[in-house]
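Novice: Can you keep this structure in mind? I'll have questions shortly.
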Amino acid sequence: MNDLASLSAEDLQALETSLAQEYSYVAGNKLSLNLSRGKPGAEQLALSEGLEETINGNYRTADGTDTRNYGEIRGIADARELGSELMGAPADAIIAGGNSSLFLMHLTVSTALQHGLWGDARRWSAHPEPKVLAPVPGYDRHFALTEALGIGMVNVDMGANGPDVEQARALVKDDAGIKGIWCVPKYSNPTGCVYDDATVAALAELPREAAADDFVVLWDNAYAVHDLVTPPPQLASLHEAARAAGTSNHIVQFASTSKITFAGGGVAFVSSGEDVLNALQQRLSFMMIGPDKVNQLRHSRFLKGRLREHMAQHAEILRPKFDLVENVLSAELGNLGIADWTRPQGGYFVSLDLRPGLAAQVVDMAADVGLTLTPAGATYPYGKDPVDRNVRIAPTFAELDELETAMQVLTLCVKLASVRQILSGQV
Ligand SMILES: Cc1ncc(COP(=O)(O)O)c(C=O)c1O
């Protein structure tokens with residue numbers, strides 16, 4: 001089939017009738033499908049059952065620390081070594097924390113806001129309207145966290161190689177209220193893009209160009225080793241770029257094993273310059289006497305020397321799911337001129353862009369026939385996609401047969417909504 005916009009009104013009407021028939025047939029099937037869950041599937045979780053055998057009565061780390069006891073607020077050395085492998089920063093520039101990197105992001109942003117990150121008088125709250133830059137589409141939980149702390153957000157366009165740094169530069173250089181930028185540098189959620197070297201270098205420089213002297217690059221490398229292709233694309237080290245730019249205390253990196261071992265039962269990491277690590281350590285010490293070091297030891301033993309091999313096993317499970325999504329999208333929507341989508345080389349998501357004004361409608365139409373999608377707008381601050389066109393597809397959790405049906409239903413809804421929109425003469 002050709003570009004839908006080039007069809008005659010009669011052809012479009014005939015197409016609408018047959019798609020609507022198909023849609024009511026699907027409705028009759030009383031489906032219960034879900035493409036909103038960006039979490040590992042059961043087969044992936046099973047890859048990490050060996051975690052349980054790693055302790056086997058031996059709770060001491062290589063340097064003799066008894067992980068059963070209190071202490072080591074920055075985490076055990078063995079876990080910080082694992083963090084080093086994920087973050088491209090030395091182990092002594094890393095805190096290994098509890099199970100959630102999102103928690104460490106909240107800790108960092110709330111500390112920047114209320115107490116300062118550098119042991120001096122700088123606090124984001126000193127500005128009447130602190131804001132951060134939000135590359136869009138982006139990760140909904142970054143936006144929710146920011147909003148929950150009463151910090152504003154300013155959209156920046158996301159491109160194929162990362163956020164538009166020219167736009168970011170122009171925004172930060174005159175507005176001292178802009179205090180930071182959210183980044184998911186590898187297999188970005190949801191577009192799957194990997195920041196190129198020039199973007200990494202430019203972001204490491206950004207704190208020096210910002211009008212705010214307390215600007216922070218929030219670098220959430222959640223998908224650092226979640227490659228689907230070999231050789232995988234390489235992300236330049238922000239740690240090195242920041243050292244070269246003299247901004248080490250103005251970049252904060254995050255990572256976790258949530259999508260490596262057990263989501264919610266892993267180990268999270270934060271890395272920055274020493275001033276920032278000290279500030280975070282101090283805040284943490286009011287909340288806990290030490291992290292779960294037994295779990296840190298489990299993880300370091302389980303993954304030591306075999307992280308790549310372990311991730312290759314994840315890729316074997318995930319590749320067919322991403323291939324299926326791509327195949328259905330190109331078979332059903334290719335050449336119709338009604339949708340664009342990403343073909344990520346790793347990570348957890350595919351980002352689908354529709355004709356402007358259709359995302360919310362398609363998500364609702366899918367829900368009406370039993371397919372749950374991530375709410376439209378979720379990939380934008382305040383849940384507001386200004387063009388109402390982005391839909392996030394999360395293919396990892398569903399089994400292949402469920403995924404196939406879900407993608408058929410999704411593409412049917414996209415076609416039907418698009419045909420109706422073209423017929424109605426909108427856009
Ligand atoms: C970009 C990104 N960061 C962080 C997280 C959550 O990480 P954690 O489980 O370590 O809190 C997710 C989960 O989907 C994510 O997609």
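The values are calculated or read from the model by the stated rules, or taken from the named source; none is laboratory data. Please read these numbers as outputs of a predicted model, since none were measured by experiment. Cβ: placed from backbone, ideal geometry, glycine included. Neighbour counts: every protein chain shown. Surface areas here come from the heavy atoms of the whole protein model, side chains and all, with no ligands, DNA or RNA. Shrake-Rupley method; radii C 1.70, N 1.55, O 1.52, S 1.80 Å.
Novice: Restricting to region 250-296, name every residue that is more than 16 Å from the ligand (Cβ to nearest atom), touching a residue at least 60 places away in the same chain (Cβ under 8 Å) and touching a strand residue (DSSP E or B) at 6+ places or on another chain (Cβ under 9 Å).
Specialist: Ser272, Gly273, Val276, Leu277, Gln281, Lys293 - these are the residues of region 250-296 that are more than 16 Å from the ligand (Cβ to nearest atom), touching a residue at least 60 places away in the same chain (Cβ under 8 Å) and touching a strand residue (DSSP E or B) at 6+ places or on another chain (Cβ under 9 Å).
Novice: Now a separate question. Looking only at residues in region 227-247 that are touching a residue at least 60 places away in the same chain (Cβ under 8 Å) and assigned to a helix (DSSP H, G or I), which one is surrounded by the most Cβ atoms within 10 Å (Cβ to Cβ)?
Specialist: Selected residue: Leu238.
Novice: Among the residues of region 374-402, how many are in a loop (DSSP other than H, G, I, E, B), away from the ligand (no atom under 16 Å from the Cβ) and touching a residue at least 12 places away in the same chain (Cβ under 8 Å)?
Specialist: Number of matching residues: 8.
Novice: Next question. Collect the residues in region 94-127 that are touching a helix residue (DSSP H, G or I) at 6+ places or on another chain (Cβ under 7 Å) and either of a type in the set (S, T, N, Q) or under 19 Å from Ala62 (Cα atoms) (or both), keeping them in residue-number order.
Specialist: Ile94, Ile95, Ala96, Gly97, Thr108, Thr111, Gln114, Ser125
Novice: Same structure again: Using the structure shown, decide if Val328 is crowded, with 21+ Cβ neighbours inside 10 Å, more than 16 Å from the ligand (Cβ to nearest atom), part of a helix (DSSP H, G or I) and of a type in the set (Val, Ile, Thr).
Specialist: No, not satisfied.
Novice: Same structure again: Any chance you could count how many residues in region 89-99 are touching a Ser or Thr at 6+ places or on another chain (Cβ under 8 Å) and surrounded by fewer than 18 Cβ atoms within 10 Å (Cβ to Cβ)?
Specialist: Residues in region 89-99 being touching a Ser or Thr at 6+ places or on another chain (Cβ under 8 Å) and surrounded by fewer than 18 Cβ atoms within 10 Å (Cβ to Cβ): 1 in total.
Novice: Mind checking which residues of region 389-406 are crowded, with 20+ Cβ neighbours inside 10 Å and either farther than 20 Å from Ala263 by Cβ or within 15 Å of the chain's Cα centre (by Cα) (or both)?
Specialist: Across region 389-406, the qualifying residues are Arg389, Asn390, Val391, Arg392, Ile393, Ala394, Pro395, Thr396, Ala406.
Novice: I've got another one for you. Pick from Leu117, Leu82, Leu12: which is open to solvent by less than 40 Å² (accessible area, probe 1.4 Å), away from the ligand (no atom under 16 Å from the Cβ) and either of a type in the set (Asp, Glu) or not in a loop (DSSP other than H, G, I, E, B) (or both)?
Specialist: Exactly one of Leu117, Leu82, Leu12 is open to solvent by less than 40 Å² (accessible area, probe 1.4 Å), away from the ligand (no atom under 16 Å from the Cβ) and either of a type in the set (Asp, Glu) or not in a loop (DSSP other than H, G, I, E, B) (or both), namely Leu12.
Novice: Pairs only if they're at least six apart or on different chains, beta carbon under 6 angstrom, first in region 73-86 and closer than 11 Å to Ser271 by Cα, second small (Gly, Ala, Ser) and part of a loop (DSSP other than H, G, I, E, B); list them, first residue then second.
Specialist: Leu86/Ala224
Novice: If you scan region 108-144, which residues turn out to be touching a strand residue (DSSP E or B) at 6+ places or on another chain (Cβ under 9 Å) and farther than 17 Å from His250 by Cβ?
Specialist: Scanning region 108-144 gives Glu129, Ala134, Pro135, Val136, Pro137, Gly138, Tyr139, Asp140, His142, Phe143.
Novice: Also, I was wondering about something else. Among the residues of region 91-107, count how many are touching a strand residue (DSSP E or B) at 6+ places or on another chain (Cβ under 7 Å) and more than 14 Å from the ligand (Cβ to nearest atom).
Specialist: Adding up the residues that qualify gives 2.
Novice: For residues in region 138-151 being open to solvent by 20 Å² or more (accessible area, probe 1.4 Å) and not acidic (Asp, Glu), which is farthest from the ligand (Cβ to nearest atom)?
Specialist: This residue is Gly150.
Novice: Test Ser8 against the stated conditions and say whether it is touching a strand residue (DSSP E or B) at 6+ places or on another chain (Cβ under 7 Å) and not aromatic (Phe, Trp, Tyr).
Specialist: The answer is no for Ser8.
Novice: Can you tell me how many residues in region 185-197 are within 11 Å of the ligand (Cβ to nearest atom) and open to solvent by 10 Å² or more (accessible area, probe 1.4 Å)?
Specialist: Number satisfying all stated conditions: 1.
Novice: Name, by its number, the condition in (1) at pLDDT below 95; (2) within 14 Å of the ligand (Cβ to nearest atom); (3) among the small types (Gly, Ala, Ser) that does not hold for Ala62.
Specialist: (2)
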